[in-house]
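Peer 1: Have a look at the structure that comes next, please.
The values are calculated or read from the model by the stated rules, or taken from the named source; none is laboratory data. Only a predicted model underlies this, so the values are computations on that prediction, with no experimental measurement involved. In this analysis, Cβ positions are derived from the backbone assuming ideal geometry, glycine residues included, and neighbour counts consider all displayed protein chains. Surface areas here come from the heavy atoms of the whole protein model, side chains and all, with no ligands, DNA or RNA. Shrake-Rupley method; radii C 1.70, N 1.55, O 1.52, S 1.80 Å.
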Amino acid sequence: MKRKNENKLLAGRSIHEGELILVNARYPVMAANPAGKVISLKDSGVSMERRAASVLLYIMKSIGGEGAIEPVSGYRTEGEQRQIYKDSEADRGEVFTRKYVALPNHSEHQTGLAIDLGLSRENIDFICPDFPYEGICQRFREEAAKYGYIQRYKEEKEKITGISHEPWHFRYVGYPHSEIMEKKGMCLEEYIQYVRQFAFDRDHIHVEMGGQGFEIFYVKEDQAESVSLPEKEIYKVSGNNVDGFIVTLWKSAREERLYRDISIPS
């Protein structure tokens, strides 16, 4: 029975939606088309999910990356991903395409949470833009995790992600998950598995980052109806696109302050 002043935390939520959904060769995009939730990144012609776009613009401004770093590819529809895969096969062959282009409905770009970035120059390779480990590009890479972004496909994780090393591809997963992954050297596949050890009715993850305390736990999909929290708790919920939800609680509204301070384009 629900107690007074308590929220049914996961009521009406889908495990296929949220900032921490895992999309790869095994787990396809399952949520409804997010086109209504995406916005354009200024005059780039590239779009992203609203919050991910806002944070990206904030990072770029804070490091002086505007004009030096170009958004190359963000949100894609299923049809666009299908055409990109087909064109890459025709232009560069099957081997190259399988290494660097995800199959339709298995691409993070269809979530609106992924962005390919390139060093600004006259000609930028759409599939493999240059994003070196030096200069302003490295500055972005070093700051990304502080604001919720990870470099998604690292060289040492190729066997786990199934995607070749992509220095240019970044994924928004939210804070503090980005910093935890960075500090533990985990890719998203590993992190999803790691969090599953900390079920709602067991010990939770407790971390302090940036002077803020966070608590993180996992809820299996078939246990969702039994999870409640007091209404005054500050929390965020994301499906993992596998088998359940990841819940993040924090003792202060660091993230809410961050996004309130970021100017969100209309």
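Peer 1: Cys187 versus (1) modelled with pLDDT of 95 or more; (2) under 15 Å from Thr248 (Cα atoms); (3) under 21 Å from the mean Cα position of the chain (by Cα): which is the lone unmet condition?
Peer 2: (2)
Peer 1: I've got another one for you. Looking at (1) over 22 Å from Thr77 (Cα atoms); (2) surrounded by fewer than 23 Cβ atoms within 10 Å (Cβ to Cβ); (3) of a type outside the set (D, E, K, R); (4) touching a helix residue (DSSP H, G or I) at 6+ places or on another chain (Cβ under 7 Å), can you tell me which one Pro167 breaks?
Peer 2: With (1) over 22 Å from Thr77 (Cα atoms); (2) surrounded by fewer than 23 Cβ atoms within 10 Å (Cβ to Cβ); (3) of a type outside the set (D, E, K, R); (4) touching a helix residue (DSSP H, G or I) at 6+ places or on another chain (Cβ under 7 Å) applied to Pro167, the lone miss is (4).
Peer 1: Hey, which of the helices (runs of 4 or more DSSP H) in the range 142-208, taking only ones fully inside, have at least 2 residues that are farther than 17 Å from Asp116 by Cβ and of a type in the set (Ser, Thr, Tyr)? Spell out the reasoning first.
Peer 2: Working: elements: 158-161, 177-184, 188-195.
Hits in the range 142-208: 188-195.
Peer 1: How many residues does the range 126-141 hold that are under 18 Å from Tyr75 (Cβ atoms) and either touching a Phe, Trp or Tyr at 6+ places or on another chain (Cβ under 9 Å) or part of a helix (DSSP H, G or I) (or both)?
Peer 2: Here is the first cut: in the range 126-141, the residues under 18 Å from Tyr75 (Cβ atoms) are 126-127, 129.
From what's left, either touching a Phe, Trp or Tyr at 6+ places or on another chain (Cβ under 9 Å) or part of a helix (DSSP H, G or I) (or both): 127, 129.
Result for the range 126-141: 2.
Peer 1: Starting from residues that are charged (D, E, K, R) and modelled with pLDDT under 95, keep the ones in the range 18-48 and report whichever is farthest from Cys187 (Cα to Cα). Spell out the reasoning first.
Peer 2: Pass one, the range 18-48, residues charged (D, E, K, R): 19, 26, 37, 42-43.
From what is left, the residues that are modelled with pLDDT under 95 are 37, 42-43.
Details: Lys37: 26, Lys42: 30, Asp43: 31 Å.
That would be Asp43.
Peer 1: Let me ask something additional. Tell me the residue from Glu158, Glu179 that is open to solvent by 20 Å² or more (accessible area, probe 1.4 Å) and under 15 Å from the mean Cα position of the chain (by Cα), please. If you could, list the steps in order and put the result at the bottom.
Peer 2: On the way: Glu158 fails: under 15 Å from the mean Cα position of the chain (by Cα).
It is Glu179.
Peer 1: If only one of Tyr149, Tyr133, Tyr153, Tyr75 is modelled with pLDDT of 95 or more and open to solvent by 60 Å² or more (accessible area, probe 1.4 Å), which one is it? Show your work before the answer.
Peer 2: Numbers: Tyr149 fails: open to solvent by 60 Å² or more (accessible area, probe 1.4 Å); Tyr153 fails: open to solvent by 60 Å² or more (accessible area, probe 1.4 Å); Tyr75 fails: open to solvent by 60 Å² or more (accessible area, probe 1.4 Å).
Residue meeting the stated conditions: Tyr133.
Peer 1: Within the range 192-227, which residues are under 19 Å from the mean Cα position of the chain (by Cα) and of a type in the set (Phe, Trp, Tyr)?
Peer 2: Tyr194, Phe214, Phe217, Tyr218
Peer 1: Give the residues of the range 227-247 that are farther than 22 Å from Gln193 by Cα and either aliphatic (A, V, I, L, M) or assigned to a helix (DSSP H, G or I) (or both), sorted by residue number. Even if it seems obvious, please write down each step before you answer.
Peer 2: To start, the set of residues in the range 227-247 that are farther than 22 Å from Gln193 by Cα comprises 228-234.
Selection gives Leu229, Ile234.
Peer 1: Please state which one of Val195, Val173 is surrounded by 19 or more Cβ atoms within 10 Å (Cβ to Cβ), more than 28 Å from Ser47 (Cβ to Cβ) and modelled with pLDDT of 95 or more. Please lay out each step first, then the result.
Peer 2: Values: Val173 fails: more than 28 Å from Ser47 (Cβ to Cβ).
Going through Val195, Val173 in turn, just one is surrounded by 19 or more Cβ atoms within 10 Å (Cβ to Cβ), more than 28 Å from Ser47 (Cβ to Cβ) and modelled with pLDDT of 95 or more: Val195.
Peer 1: Right, here's the next one. Report every pair of residues separated by at least 6 positions or lying on different chains whose Cβ atoms are under 6 Å apart, first residue within the range 230-241 and within 17 Å of Phe214 (Cα to Cα) and touching a residue at least 40 places away in the same chain (Cβ under 8 Å), second crowded, with 19+ Cβ neighbours inside 10 Å and hydroxyl-bearing (Ser, Thr, Tyr).
Peer 2: Going by the 6 Å Cβ cut-off, the qualifying pairs are Lys236/Thr248.
Peer 1: Taking the residues in the range 49-71 that are open to solvent by less than 20 Å² (accessible area, probe 1.4 Å) and not in a helix (DSSP H, G or I) as candidates, determine which candidate is farthest from Leu117 (Cα to Cα). Before the answer, list the steps.
Peer 2: Filtering the range 49-71 down to residues open to solvent by less than 20 Å² (accessible area, probe 1.4 Å) leaves 52-56, 59-60, 65, 69.
Those left that are additionally not in a helix (DSSP H, G or I): 65, 69.
Details: Gly65: 11, Ile69: 7 Å.
Restricting to residues being open to solvent by less than 20 Å² (accessible area, probe 1.4 Å) and not in a helix (DSSP H, G or I), the top hit is Gly65.
Peer 1: Within the range 96-110, is there a residue that is more than 22 Å from Ile84 (Cβ to Cβ) and at pLDDT 95 or above? Break it down stepwise before answering.
Peer 2: Taking the range 96-110 first, the residues more than 22 Å from Ile84 (Cβ to Cβ) are none.
No.
Peer 1: What number of residues within the range 28-45 are open to solvent by less than 50 Å² (accessible area, probe 1.4 Å), over 12 Å from Gln110 (Cβ atoms) and part of a loop (DSSP other than H, G, I, E, B)?
Peer 2: 2
Peer 1: Right, Asp125: open to solvent by 10 Å² or more (accessible area, probe 1.4 Å), out of contact with any helix residue (DSSP H, G or I) (no Cβ under 6 Å at 6 or more places or on another chain) and not β-branched (Val, Ile, Thr) or not?
Peer 2: Working: open to solvent by 10 Å² or more (accessible area, probe 1.4 Å): yes; out of contact with any helix residue (DSSP H, G or I) (no Cβ under 6 Å at 6 or more places or on another chain): yes; not β-branched (Val, Ile, Thr): yes.
In short, yes.
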